[in-house]
Amino acid sequence: SVIMMAKDVMLKSAQLVIEAQKAMNNFSDPNKSYTLANAGKEVSCALNKTMQCIPGQQEVEDTISNINNLTTQINSAKFPKSGRPYGELQSQLNRAADQLTDATSDVVQTAPNPTQLASTTRHFGEVLGNMMECSMDMAGQTGVGETKTQMVSTMMNVTSVSSTFLSSA
């Protein structure tokens, strides 16, 4: 199915090139922008279908999407307050960080095997989500502005690096 979908990508790409040539040869055509945009969308759609055929790719994409949602939540600076003691949250954050280290190693080890990568990526996302939930809870309880700013900066960095890491995997 990957080969069939890749063939479709090639056909759609060839059509895009043909439409671009037509647009260059006929400057006055009012529909050239629409036709080119449509051909470009067809290529993009075909590429997406091809990527979805690759085992594990959808799980990686879903996890990256979840990480992007975490980033949006962090940017909103609306942090939930669970009411749990701060010391308990610190302990939980330390455990979550250790689990994230293990989950990172698992992703690295399974990267060559797309089927295994799917489950390790999903697990990585769950562990990261738990860690960010704890971090946001702590940030919500922090009254010191500079400390909160540093916490938010660190959370943004962790989510950014995590997305890049999973994209590389």
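The values are calculated or read from the model by the stated rules, or taken from the named source; none is laboratory data. Computed from a predicted model, the values in this text were never measured in an experiment. Ideal geometry is used to build each Cβ from the backbone, glycine not excepted, and the neighbour counts take in all protein chains shown.
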Checklist entry - Based on what the data block shows, is residue 167 assigned to a helix (DSSP H, G or I) and either touching a Ser or Thr at 6+ places or on another chain (Cβ under 7 Å) or at pLDDT 90 or above (or both)? => result no
Next on the checklist: Please determine whether any residue of the stretch 9-19 is more than 30 Å from residue 159 (Cα to Cα) and under 25 Å from the mean Cα position of the chain (by Cα).
Outcome noted: yes
Checklist entry - In the set 109, 99, 92, which member is touching a Cys at 6+ places or on another chain (Cβ under 8 Å), free of Cβ contacts under 8 Å to residues at least 60 places away in the same chain and not charged (D, E, K, R)? => result 92
Checklist entry - All but one of (1) part of a helix (DSSP H, G or I); (2) crowded, with 19+ Cβ neighbours inside 10 Å hold for residue 129; which doesn't? => result (2)
Checklist entry - Could you list, in sequence order, the residues of the stretch 132-169 that are over 30 Å from residue 56 (Cα atoms) and crowded, with 19+ Cβ neighbours inside 10 Å? => result 137, 138, 139, 151
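Rundown of residues vs (1) within 30 Å of residue 8 (Cβ to Cβ); (2) in contact (Cβ under 8 Å) with a residue 60 or more places away in the chain; (3) in contact with a strand residue (DSSP E or B) (Cβ under 7 Å, 6 or more places away or on another chain), yes/no style:
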{"position": "60", "(1), (2), (3)": "yes, yes, no"}
{"position": "63", "(1), (2), (3)": "yes, yes, no"}
{"position": "86", "(1), (2), (3)": "no, no, no"}
{"position": "116", "(1), (2), (3)": "yes, yes, no"}
{"position": "119", "(1), (2), (3)": "yes, yes, no"}
{"position": "130", "(1), (2), (3)": "no, no, no"}
{"position": "152", "(1), (2), (3)": "no, yes, no"}
Next on the checklist: Testing residue 118 on (1) closer than 20 Å to residue 169 by Cα; (2) surrounded by fewer than 13 Cβ atoms within 10 Å (Cβ to Cβ), one condition comes back false. Which one is that?
Outcome noted: (2)
